[in-house]
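Read through the structure below, which is laid out as structure tokens, and then see the notes.
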Amino acid sequence: MITKFKNAREAFVYFYNEINSNGVVFGDTKALFNVGFTLEHPQQKNINVLNPNRNFNLQYAEAEWQWYLSGDPSIDKLGEINGSIPPIWERMADSERKVRSNYGWQWERNHQLDKVVAMLKSNPETRQAVISIYDGKEISTYRKDTPCTYAVQFTILDSKLHMAVLMRSNDLWFGFCNDQYCFASLQELVADRLSIELGTYYHFAHNPVSYTHLRAHETPEHL
């Protein structure tokens, strides 16, 4: 299996084919397990897949990123930014119309993002620059919405900021496309606050899945 890609588009095209060819049936999806890979140029985050059934919506990805930056877990805030609320978020919201998967709300809890930046500034060789997202101590609140991401860790090597994203599950078709955009944007934000260059982005998912949304006749040549 290939584990290094120039950008997110290359990774998407490759795993589209890999899941189709070698994925196992798991629930109502096809899936691989314990997949990790590196994106050498995370700033190239526009998937731009030329597929009539999967036209990556850059405007929406940016709206979701701005929603995360707001730190507001309310889906109504996303509606203000995007102009509409995707049905999936309506299904995942609680009675207060809030979700647990607004990652900005998660990294602002206990000032995690600020602490990560401060750690890296005071000790560029720290191994503790970690943002925790999935939290077993609040699992009782995950009845409708369980965060897909465990944690995000940052490391400075060769004067560049590298990042690793660790996920419990990641749908290739929707999740990966928007998640990589927002996490790459987070990496850019942290690098900017540190005034250093961007390094690589390592993406790991225990359970990358797809194909509840795909057509059997589609092949990578359509991408």
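Restricting attention to segment 8-113, which chymotrypsin sites (Phe, Trp or Tyr not before Pro) occupy a DSSP loop and are surrounded by at most 13 other Cβ atoms within 10 Å? Show your work: numbers first, answer last.
Values: sites: Phe12, Tyr14, Phe15, Tyr16, Phe26, Phe33, Phe37, Phe56, Tyr60, Trp65, Trp67, Tyr68, Trp89, Tyr103, Trp105, Trp107; in loops: Phe33, Phe56.
For chymotrypsin sites (Phe, Trp or Tyr not before Pro) across segment 8-113 that sit outside H, G, I, E and B with at most 13 neighbouring Cβ atoms in 10 Å, the list reads Phe33.
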Next item on the list: Quick one: among Ser74, Ser185, Ser84, which has the greatest mean-square fluctuation in a GNM of the chain with alpha-carbon springs under 10 angstrom?
Entry: Ser84
Item checked: Cα-based reach from Lys121 at 19 Å (exclusive), listing aspartates and glutamates while leaving out same-chain residues under 8 positions away -> Glu108, Asp158, Glu188, Asp192, Glu197
Note to self: At 0.36 nm per residue, and after removing the present C-alpha to C-alpha distance, how many nm does the segment from Asp94 to Asn55 gain when stretched out fully?
What the structure shows: 11.1 nm
Next item on the list: Run the quick spin-label model on Ser140 and Asp158: label points 7 Å from Cα toward the beta carbon, then report their separation in nm to one decimal.
Entry: 4.9 nm
Next item on the list: Kindly report the accessible area of the chain per residue (heavy atoms of protein chains, probe 1.4 Å, no ligands, DNA or RNA), in Å².
Entry: 50 Å²
Check: For segment 107-161, what is the charge dipole size about the Cα centre, in debye to the nearest 20, if Lys and Arg each add +1 at the Cβ and Asp and Glu each add -1 at the Cβ?
Finding: 80 debye
Checklist line | Greater than 28 Å apart at Cα, pairs in Lys98/Lys160; Lys77/Lys115; Lys4/Lys137; Lys6/Lys115 | finding: Lys98/Lys160; Lys4/Lys137; Lys6/Lys115
Note to self: Give me the net charge for the shell around Gly83: Cβ to Cβ below 14 angstrom, other residues only, Lys and Arg +1, Asp and Glu -1.
What the structure shows: -3
Next item on the list: Compare the Cα positions of Asn55, Ser159, Asn110 along the charge dipole of the chain (+1 at Cβ of Lys, Arg; -1 at Cβ of Asp, Glu; about the Cα centre) and return the one farthest towards the positive end.
Entry: Asn110
Check: Counting Lys and Arg as +1 and Asp and Glu as -1, each charge on the Cβ, what is the dipole of the chain about the Cα centre in debye, to the nearest 20?
Finding: 340 debye
Note to self: Mean-square fluctuation check for the chain, GNM, Cα pairs under 10 Å: which of His162, His203, His111 is largest?
What the structure shows: His111
Notebook entry, point to check: Counting each DSSP H run of 4 or more residues in the chain as -39500 (n - 2.57), what helix-only mean residue ellipticity at 222 nm follows after dividing by all residues, to the nearest 500 deg cm²/dmol?
Noted result: -10500 deg cm²/dmol
Notebook entry, point to check: Percent of accessible area on segment 3-93 owned by carbon and sulfur, 1.4 Å probe?
Noted result: 47 percent
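Quick one: net charge around Thr149, please, counting Lys, Arg +1 and Asp, Glu -1 for every other residue with C-beta under 12 Å from its C-beta.
Details: positive: Arg100, Arg168; negative: Asp135, Asp179.
Value of the local net charge: 0.
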Note to self: Can you tell me which of Gln180, Gln43, Gln59 moves the most in a GNM of the chain? Springs connect C-alpha atoms under 10 Å apart.
What the structure shows: Gln59
Check: Which loop GluC sites (Glu not before Pro) in segment 3-106, with loop taken from DSSP, have no more than 10 other Cβ atoms within 10 angstrom of their Cβ?
Finding: Glu96
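What full-extension length gain, to one decimal in nm, is calculated for Met1 and Asn48 as 0.36 nm per residue of separation minus the Cα-Cα distance? Walk me through the numbers on the way to the answer.
On the way: separation 47, 0.36 × 47 = 16.92 nm, distance 2.31 nm.
Result: 14.6 nm gained on full extension.
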Margin query: Taking R0 as 45 Å, what FRET efficiency do you get between Ser84 and Phe26 from their Cβ-Cβ distance, rounded to the nearest 0.05?
Written below: 0.90
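The values are calculated or read from the model by the stated rules, or taken from the named source; none is laboratory data. Because the structure is a prediction, the values reported are computed rather than measured. Counting neighbours? That spans all protein chains shown, and the Cβs are built from the backbone with ideal geometry, glycine included. Side chains included, ligands, DNA and RNA excluded: accessible areas come from the protein's heavy atoms. Shrake-Rupley method; radii C 1.70, N 1.55, O 1.52, S 1.80 Å.
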